[in-house]
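Asker: If you scroll down you'll find the structure; I have some questions about it.
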Amino acid sequence: MTNAVVDLSAASPAEVESSLLNPDVSMVVLTWVTFLVLSVVLYKFAWNPILKALDAREELLRRSVEEADRIRQELARIQETRQQFIREAEEKSRAIVSEAREAAAIASAGIQHKAREEASILLANARHDIRGETEKARIILRQESAQLAVDLAARLIEKNLDTDANRRFIHKLIAEV
Amino acid sequence: MSTSFNLEKYILHHMQDSRQWQLPFLPPLQLPSFLSLHGLMLIIAALFLVALFCFVYDKKARVPRRFTNLLEALVIFIRDEIAIKSIGKEDGRRMTPFLCTMFFFILTLNLMGLIPLFATATANPNVTGALAFFTLCFMIFGTIYKNGFKGFQKAFIPAGVPKGILIILVPIEFLGLFIKTGALMIRLFANMLAGHMVIFAMLGLVLLLGLVALPSVLLAGCIGVLEVFIAFLQAYIFTLLTAVFIGQMYHPQH
């Protein structure tokens, strides 16, 4: 570093200053050549592929966003259809249930009616039977009591005692019976 | 007094092009006659960019990550915010590779100037002039190619201006072509030169005043950080103005 300062001490400052602005054709030509070669190389290996890739990516991005929007709309539509299906299914099931309920009510009313009818028939039959049986029992009772009366009368006649004695006897018989 | 004299020359010497490459702990590397230090920097920057985009940048990645993402963000920015906005959709897309090369080349050269081992090629007016020349070429030949020679002439004749004024206006507009590109050249060169000069001057204070001037090293560090920002800014401005000037020539009615 000091070398440079020492070397320069011979030159006047005006000379050094002017050299800052000196036109230098070789420098200009070198800049042109470097820049042109760099432009060509970078165009071939950098800018062209990069700009193409950028365009492609922008296109891809644009299409992806559009696709995403489309899918979102489609999903919304599917969701709507699904809701519609669910609503329809719910309505249908509600209709089926109410129909079934009605049918069941009708069926149960029929069954009840039939049961009531059968019960009344059974009741009537039972009453009829009871009446018959009662009548039979009454007849049997009547016959037996007649028989008993006849038997009692026969025994009474056989004994034929006084009235008190008869009464006591009858009481005794009744007690026996 | 003699110290300050030497310092001034030392700074200027460091800013100008030379045939020597100062390497740390090694004798200065003598460069061949056809290649100066700034020329070497151009070639290193170009090789670095080729390596960066051919090997570091992952072109196959469907989803860019890390460094690829950073480079891609810059490329998209140049395409959408600089090229398409200034030149128009179709021409902007066509000009994007040129503007990308310009931006990354200038940015790399600017940033290289901040690394101690390298020199700042963009602080050389020959380099910035040569780069601005490409802008001029597009402004002239690009417009002729696109709009024809009549279309190119139209760019210098604003609509609705009386004929008398055109005699003054047309030469001014024509000169504007060169003034614009000249300004482009000087802006980049002067910015890079001035930034480095300020850093060297700050550091030079230590040589002049001794340890009392140590805080200026911190200041130089701060300016170094600012220089990183300026490196990006100047690359952006050069690219943006190139696009704007080309756009103005392509669509003169605006």
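Asker: With each pseudo-label sitting 7 Å past Cα toward Cβ, what's the B:Ile44-A:Ile174 distance in nm, one decimal?
Answerer: Result for the modelled spin labels: 15.7 nm.
Asker: Counting Lys and Arg as +1 and Asp and Glu as -1, each charge on the Cβ, what is the dipole of the protein assembly as shown about the Cα centre in debye, to the nearest 20?
Answerer: Dipole about the Cα centre, nearest 20: 820 debye.
Asker: If you roll a 1.4 Å probe over the heavy atoms of the protein chains, what accessible area per residue do you get for the protein assembly as shown, in Å²?
Answerer: 63 Å²
Asker: Tell me: how much accessible area in total is hidden between A and B, 1.4 Å probe, Å², nearest 100?
Answerer: Using a 1.4 Å probe, the pair buries roughly 4000 Å².
Asker: While we're looking at this one, here's another question. Taking every alpha carbon pair in the range A:24-176, what does the distance histogram look like in 10 angstrom bins from 0, in percent?
Answerer: P(r) over the range A:24-176, rounded to whole percents: 8, 10, 8, 8, 7, 7, 7, 6, 6, 5, 5, 5, 4, 4, 3, 3, 2, 1, 0.
Asker: Which one of A:Ala100, A:Leu75, A:Ala56 has its Cα pushed farthest toward the positive end of the charge dipole of the range A:25-166, where Lys and Arg give +1 and Asp and Glu give -1 at the Cβ?
Answerer: Final value for the positive-end residue is A:Ala56.
Asker: Moving on to the next point. Could you please put A:Arg72, A:Arg57 in sequence from largest to smallest accessible area, using a 1.4 Å probe?
Answerer: The most accessible residue leads, giving A:Arg72, A:Arg57.
Asker: Using only the Cα atoms of the protein assembly as shown, what semi-axes does the equivalent ellipsoid have when each is the square root of 5 times a gyration tensor eigenvalue? Give whole Å, largest first.
Answerer: Working through the eigenvalues yields semi-axes of 124, 33, 18 Å.
Asker: Where does the protein assembly as shown land at 222 nm, in deg cm²/dmol rounded to the nearest 500, when only DSSP H runs of n ≥ 4 count, each adding -39500 (n - 2.57), divided by all residues?
Answerer: So the helix-based figure for the protein assembly as shown works out to -27500 deg cm²/dmol.
Asker: Can I ask one more? How well do other chains shield peptide B:44-52, expressed as the mean number of their Cβ atoms within 10 Å of each residue Cβ?
Answerer: 3
Asker: Compute the angle between helix B:37-51 and the longest alpha-carbon principal axis of chain B, please, reported from 0 to 90 degrees and rounded to the nearest 10.
Answerer: The answer is roughly 70 degrees.
Asker: Any chance you could give the angle, 0 to 90 degrees and rounded to 10, that helix A:163-176 forms with the longest Cα principal axis of chain A?
Answerer: 30 degrees
Asker: State the Cα centre-to-centre distance between the range A:23-71 and the range B:26-40 in whole Å.
Answerer: After rounding, the separation between the Cα centres reads 32 Å.
Asker: Within 10 Å of each Cβ of B:121-128, how many other protein chain Cβ atoms are there on average?
Answerer: 5
Asker: Here is a follow-up. What does the charge add up to near A:Ala137, with Lys and Arg as +1, Asp and Glu as -1, over the other residues with Cβ less than 14 Å from its Cβ?
Answerer: 0
Asker: Oh, and also: Sorted by average packing, counted as other Cβ atoms within 10 angstrom per residue and highest first, what order do B:28-36, A:61-69, B:129-137, B:175-183 take?
Answerer: Ranking the peptides B:28-36, A:61-69, B:129-137, B:175-183 by packing returns B:129-137, B:175-183, B:28-36, A:61-69.
Asker: Sticking with this one: State to the nearest 20 debye the size of the charge dipole of the range B:7-250 about its Cα centre, where the only charges are +1 on K and R beta carbons and -1 on D and E beta carbons.
Answerer: The calculated dipole for the range B:7-250 is roughly 760 debye.
Asker: To the nearest 10 degrees, how steep is helix B:125-137 against the longest Cα principal axis of chain B, on a 0 to 90 scale?
Answerer: The two axes meet at around 10 degrees.
Asker: How large is the accessible surface of B:Arg187 in square angstrom, using a 1.4 angstrom probe and rounding to the nearest 10?
Answerer: That residue has around 80 Å² of solvent-accessible surface.
Asker: For the modelled label position 7 Å from the Cα of B:Val198 along Cα-to-Cβ, which residues of the range B:93-126 have backbone nitrogen atoms closer than 17 Å?
Answerer: Residues B:110-111, B:113-115, B:123 qualify, since their backbone N sits under 17 Å from the label point.
Asker: Sort A:Trp47, A:Trp32, B:Trp21 by accessible area with a 1.4 Å probe, largest first.
Answerer: Listed by decreasing accessible area, they come as A:Trp32, B:Trp21, A:Trp47.
Asker: Now for a separate question. About the Cα centre of chain A, how large is the charge dipole given +1 on each Lys and Arg Cβ and -1 on each Asp and Glu Cβ? Please answer in debye to the nearest 20.
Answerer: 1760 debye
Asker: Something else now. Which residues in the range B:220-254 place their backbone N less than 12 Å from a point set 7 Å from the Cα of B:Arg187 along the Cα-to-Cβ direction?
Answerer: B:233-246
The values are calculated or read from the model by the stated rules, or taken from the named source; none is laboratory data. These numbers were taken from a predicted model, which means no experiment stands behind them. Note that each Cβ is placed from the backbone with ideal geometry, even for glycine, and that neighbours are counted across all protein chains shown. Areas reflect the complete protein model, heavy atoms only, side chains present, ligands, DNA and RNA absent. Shrake-Rupley method; radii C 1.70, N 1.55, O 1.52, S 1.80 Å.
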